[in-house]
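This report concerns only the one structure given below.
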Amino acid sequence: MMTFEGLGIDARLIQATTELGYINPTAIQEQAIPVLLSGTKDFIGLAQTGTGKTAAFGLPLLHIIDAAAKYPQALVVCPTRELCLQIVKEIELFKKYMTGVSVVAVYGGASIGLQIRDLKRGVQIIVATPGRLIDLIERKAINLEQIKYVVLDEADEMLNMGFQDDIEFILKNTPQRESTWLFSATMPPEIRKVSKRYMKDPKEVTVGKVNTANKSIDHQYYVTTAHHRYETLKRIIDFNPGIYGIIFTRTKLDAQEISERLTREGYDIDALHGDLTQGQRDKVMGQFREKSLQLLIATDVAARGIDVQGITHVINFELPDDVEIYTHRSGRTGRAGNHGICVSIVHAKEAYKLKQIERINNSQFHKLDIPSGKDVCRKQFFHFMDKLLSTDISHGDYETYVPMLAEKFADISKEEILKRVAAMEFDRFLKYYENSEDLNIRERDRTIKREPSADRNDRSRSRDSDRGDSRKEYKGGGGYSRLFVNLGTKDGFFKASFLQFVLDMSDLKKEVLGRIDMKDMNSWIEIDKGSAQQMIRALDGKKYKGRSIRMNDADSGGRR
Ligand code: AMP
């Protein structure tokens, strides 16, 4: 097994890493360190967080810098303040036995004066976030003239956050750069572009699996008219009661107006746009970060560089013209291994844009029906019921009040009480959505055809146009069949998109469906008995992404 000695690392660094419990190098360290120790070779390391990347570049940097020269020689650029501090902390630990080496963290949201003072102390390694670094370059408070080594850590995250121009600016401002080391978890085309422009014949190393796009994001879209855009946005928000999201608009006027309108209508939202002072911006961001604001609406420029964990939805109020902007926006969700949803409200004429994004971004869009008012109310209702059932009543002195409650409610049934509780919560929704219209544009052909659509016959296609004309209640009564199908989450489906897929394929209405149980490779669908054969006929034997779909009745000899 390989050792750190074998990689050629300085004995003082080995002493420190041994104390940290590093016995053998990780895969990325084993492959990167020998290349980086030369100090003159460009390098691309495709590796996720947690693979030991920091030591993979930190140890060679400490090994090759000149401790006697008291000026900045190495610059590490990373997307967030947290990562910046973490990298500095690790480098501090690695350099425990090296004298005369110092490292400084430069990031936004902290005193720039103190950072300028630290820089003047004669540091050799600077670890920085792009925004603050540029600020310092523009103030001429940082000397990058003699930087030899530039590390771009989590390059894909930096691009997702809109830092592409900043990175290019930084690279252009390091005239003595001898080598550039780029680390990234994914390899989208924009990173290829940066590497082609600023790196020479880089050695490329991949650890584990690398995707070109973030596969933990479900890209969904809803088709409506320009006139119904705002209503559609509201439906999407209402249909996702636990939403914690960012809405993107093209103009600051839109951001402001939509924010004001939604606030008036009782939503928890604020806007981020260029007219805010730094203080106002920090206040909005602070509220959003601590989740006292559920929704943030912003223009691309205003949202540049913001990094918030746990975003469930990114909503494009309008599609951006530029694919890169779409990528930046959608990259705000699905971070750190979480699942995220990027929703776009599109006009029927924008199908070509979706295709373009799919092609360049190597991702797939799922078309969803805009939920009906009834769908929204049902969703809200179940959300409320779940909340009610999971409410913690263990602390609080409720027992004291039970006798009084029992007396007060003696003549009212449990059902009646539940109805009243629901009415308190739902009146707003029920009234608002009582006569709500169908916001979908019903088309003859779908705007984006998925692969299996080639198998569909003309008869089923012509029936597509009928789908929206009636939203009648389904009156089936024969009970459910359970269908097995060999498609699952590994095929890129999420529950909503899977549901839409089987309905599109079979031309059935969602009222015929019961529970959907999705696993990695298979799923089980409950469907009204009278419609089961129609769905099997429509799906069984058809192709999805080149693979044959198998569907059968799980309760009559099929898979369970
Ligand atoms: P990173 O990917 O740099 O964030 O590293 C992930 C974690 O792995 C950190 O806690 C490191 O301290 C630890 N680590 C890095 N390299 C090694 C190694 N060779 N042996 C054991 N732990 C390591």
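The values are calculated or read from the model by the stated rules, or taken from the named source; none is laboratory data. These figures come from a predicted structure and were not determined experimentally. Cβ placement follows ideal geometry from the backbone for every residue including glycine, while neighbour counts extend to all protein chains displayed. Quick note on the areas: whole protein, heavy atoms, side chains included, nothing else; ligands and nucleic acids left out. Shrake-Rupley method; radii C 1.70, N 1.55, O 1.52, S 1.80 Å.
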* Structure fact -> Selection from the range 1-17 of residues farther than 12 Å from LEU59 by Cβ and within 11 Å of the ligand (Cβ to nearest atom) yields MET2, THR3
* Tell me, which strands (runs of 3 or more DSSP E) wholly within the range 309-387 include 2 or more residues that are farther than 26 Å from HIS227 by Cβ, within 15 Å of the chain's Cα centre (by Cα) and among the charged types (D, E, K, R)? -> none
* **GLY109 vs. criteria open to solvent by 10 Å² or more (accessible area, probe 1.4 Å), assigned to a loop (DSSP other than H, G, I, E, B) and within 13 Å of the ligand (Cβ to nearest atom)** => no
* Tell me which of these ASP201 doesn't satisfy, since it passes every other one: (1) open to solvent by less than 30 Å² (accessible area, probe 1.4 Å); (2) at pLDDT 90 or above. => (1)
* Filter the range 19-37 for residues that are of a type in the set (Val, Ile, Thr) and surrounded by 12 or more Cβ atoms within 10 Å (Cβ to Cβ); which is farthest from the ligand (Cβ to nearest atom)? -> VAL35
* Answer with yes or no whether ARG261 is open to solvent by 60 Å² or more (accessible area, probe 1.4 Å) and closer than 21 Å to VAL343 by Cβ. => yes
* Residue in the range 529-548 that is β-branched (Val, Ile, Thr) and either in contact with a helix residue (DSSP H, G or I) (Cβ under 7 Å, 6 or more places away or on another chain) or open to solvent by 50 Å² or more (accessible area, probe 1.4 Å) (or both) present -> no
* Out of the residues in the range 523-545 that are among the basic types (Lys, Arg) and outside any strand (DSSP E or B), which is farthest from ASP507 (Cα to Cα)? -> LYS545
* To do: Select from the range 38-68 the residues that are near the ligand (Cβ under 9 Å from one of its atoms), more than 24 Å from GLN176 (Cβ to Cβ) and not hydroxyl-bearing (Ser, Thr, Tyr) and write down the one among them that is surrounded by the fewest Cβ atoms within 10 Å (Cβ to Cβ).
  => GLY50
* **Residue under evaluation ASP165, criteria (1) closer than 30 Å to GLN124 by Cβ; (2) modelled with pLDDT of 90 or more, criterion not met** => (2)
* Structure fact -> Subset of the range 115-172, residues aromatic (Phe, Trp, Tyr) and assigned to a helix (DSSP H, G or I), comes to PHE169
